[in-house]
Amino acid sequence: MKRKMLAARLDLADKILDIAAHRGTLYDYVNDILEQAIRAEDLGLSLKDILDNMWMIKTARDAGFIVVPEKIVYDLTEISSKRVGKEKMAAIWYETGQWYGHYYGDPKKLETAVKTYFWDVSEVKISEEGTNVAVTCLSSKFSVTYTVMFSKFLEGALNALGYSLSQNEVSKGIINLKFVKSSDK
Amino acid sequence: MPEPDLKKQKLIRAPNYLVDRLSEDASRQGKTLYSYVSEIFEQAARANEMKRSLKEILDIFEILEVPREAGAIYAHKDFLDYLLQKTFSEQGEELQRLWYHTGKWYGTYLGERFEKPLEIFLRLLQEGRWDLSEVTMNRDKGIVEFRCVSAFASQERSLLLQSFMEGALHSLGYRTQEKKCFKGIIRLKFSV
């Protein structure tokens, strides 16, 4: 097979050389790496995108998330709301949100996490302007109950980040929340 | 981009066809081949730090795209367990039916989408964040046996996962021969 020479940054090439030493020959290892880069490109992504995604998935697992078919979560929310009561359910969602607010510690990181983990949310935007934060969240899949619960989740998360709810508009699949920085934070 | 310092680079041999393809990709992205290759090596080193090869990471990534396409979402296990604990005693049968039917839909989806749906289902259980520490599947003369272990799954969640698995396998043409479930340990045997 005809071969060409590839130039690579010395420190990285040395690292690859080290790794290859535990995995077989350098030539085979480099071929494999380059093939995977092409495979990623064919998926329309960069290797960095894929590794970032895998890292987020690992973080999700470490944070106690599991992947569940969405129908189960939606139906369970409806059943539980009737069984436990909407107020109690809202309190649980709020408390769960608080945990995530503390976990991510920053509105932008929270926005990234919601975008990454809540695949059923078609649009989410958390924008900060001075001491105010506006949250917009849209999903065509949410029921009325689920939308209310999810808004409580977001409220809890923002509250943990030091913001108090000043205005809310919640209707099926649409959440618009406004917050102000709490004076005691 | 500044010209790389020749003293700070190393030449590595690779097949023509790969170098040509990478050159095309790099120029399409407006990068030099040198910087593109450096990026690739950087990610390979990162994968190694995650104790995986790039191939393994791409394989897992492709598998994990399935739940996203099939309409699954992340839920916190404590939250899910709380809801199940509150509802299972009165609505356990309805929940089991719900999980079973969702499993059936999932199995049908995998059957339509993949040539080897059973293998994909196994990978999904292994990699799909069901909170399982061990998932094995044995196939022998038309018999398929699953064993799943989780140290943390409640009895309610284990029973529901069992229903989900049964639903998926039934839609793939298997019949339940035997099932056992005890707090995070699920054993299911199916025949064609």
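The values are calculated or read from the model by the stated rules, or taken from the named source; none is laboratory data. All figures in this text were calculated on a predicted structure; none of them were measured in a lab. Cβ sites come from the backbone with ideal geometry, for glycine too, and all protein chains shown count toward neighbours.
One table, with the values for the structure above:
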read-out	value
Residue among A:23, A:83 that is more than 7 Å from chain B (Cβ to nearest Cβ), more than 26 Å from the chain's Cα centre (by Cα) and either buried (at least 16 other Cβ atoms within 10 Å of the Cβ) or among the basic types (Lys, Arg) (or both)	A:23
Residue selected from the range B:131-150 under the condition touching a Lys or Arg at 6+ places or on another chain (Cβ under 9 Å) and closer than 19 Å to residue A:61 by Cβ, by the criterion surrounded by the most Cβ atoms within 10 Å (Cβ to Cβ)	B:148
Options A:116, A:136, A:96: the member that is touching a residue at least 60 places away in the same chain (Cβ under 8 Å) and within 22 Å of residue A:171 (Cα to Cα)	A:96
Of residues in the range B:40-86 being acidic (Asp, Glu) and within 7 Å of chain A (Cβ to nearest Cβ), the one farthest from the chain's Cα centre (by Cα)	B:42
Condition met for residue B:131 (in a helix (DSSP H, G or I), at the interface with chain A (Cβ under 10 Å from one of its Cβ atoms) and modelled with pLDDT under 85)	no
Positions within the range A:95-115 being crowded, with 16+ Cβ neighbours inside 10 Å and under 27 Å from residue B:161 (Cα atoms), in sequence order	A:96, A:97, A:99, A:100, A:113, A:114
Neighbours by Cβ (under 9 Å, 6+ apart or cross-chain): first from the range A:150-174, basic (Lys, Arg) and modelled with pLDDT under 95; second surrounded by fewer than 23 Cβ atoms within 10 Å (Cβ to Cβ) and not in a helix (DSSP H, G or I)	A:172/A:143
Residue in the range A:52-73 that is over 24 Å from residue B:152 (Cβ atoms) and hydroxyl-bearing (Ser, Thr, Tyr) present	no
Per-region count, the range A:99-143, residues assigned to a helix (DSSP H, G or I), of a type in the set (Gly, Ala, Ser) and touching a Gly at 6+ places or on another chain (Cβ under 8 Å)	1
Matching residues, the range B:174-190, being touching a residue at least 24 places away in the same chain (Cβ under 8 Å) and surrounded by fewer than 16 Cβ atoms within 10 Å (Cβ to Cβ)	B:177, B:182, B:183, B:185, B:187
Residue check, residue A:49 surrounded by fewer than 16 Cβ atoms within 10 Å (Cβ to Cβ), in contact with a helix residue (DSSP H, G or I) (Cβ under 8 Å, 6 or more places away or on another chain), closer than 30 Å to residue A:39 by Cβ and more than 7 Å from every other protein chain (Cβ to nearest Cβ)	yes
Residue check for residue A:32: assigned to a helix (DSSP H, G or I), in contact with a Lys or Arg (Cβ under 9 Å, 6 or more places away or on another chain) and at the interface with chain B (Cβ under 7 Å from one of its Cβ atoms)	yes
In the range A:148-185, the residues that are among the hydroxyl-bearing types (Ser, Thr, Tyr) and touching a Gly at 6+ places or on another chain (Cβ under 6 Å)	A:182
Hey, residue A:11 more than 7 Å from chain B (Cβ to nearest Cβ) and in a helix (DSSP H, G or I) or not	yes
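Okay, residues lined up against (1) more than 25 Å from the chain's Cα centre (by Cα); (2) assigned to a helix (DSSP H, G or I); (3) under 22 Å from residue B:56 (Cα atoms); (4) not assigned by TED's automatic domain parsing to the domain that holds residue A:147:
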| position | (1), (2), (3), (4) |
| --- | --- |
| A:16 | yes, yes, yes, yes |
| A:51 | no, yes, yes, yes |
| A:68 | no, no, no, no |
| A:79 | yes, yes, no, no |
| A:92 | no, yes, no, no |
| A:97 | no, yes, no, no |
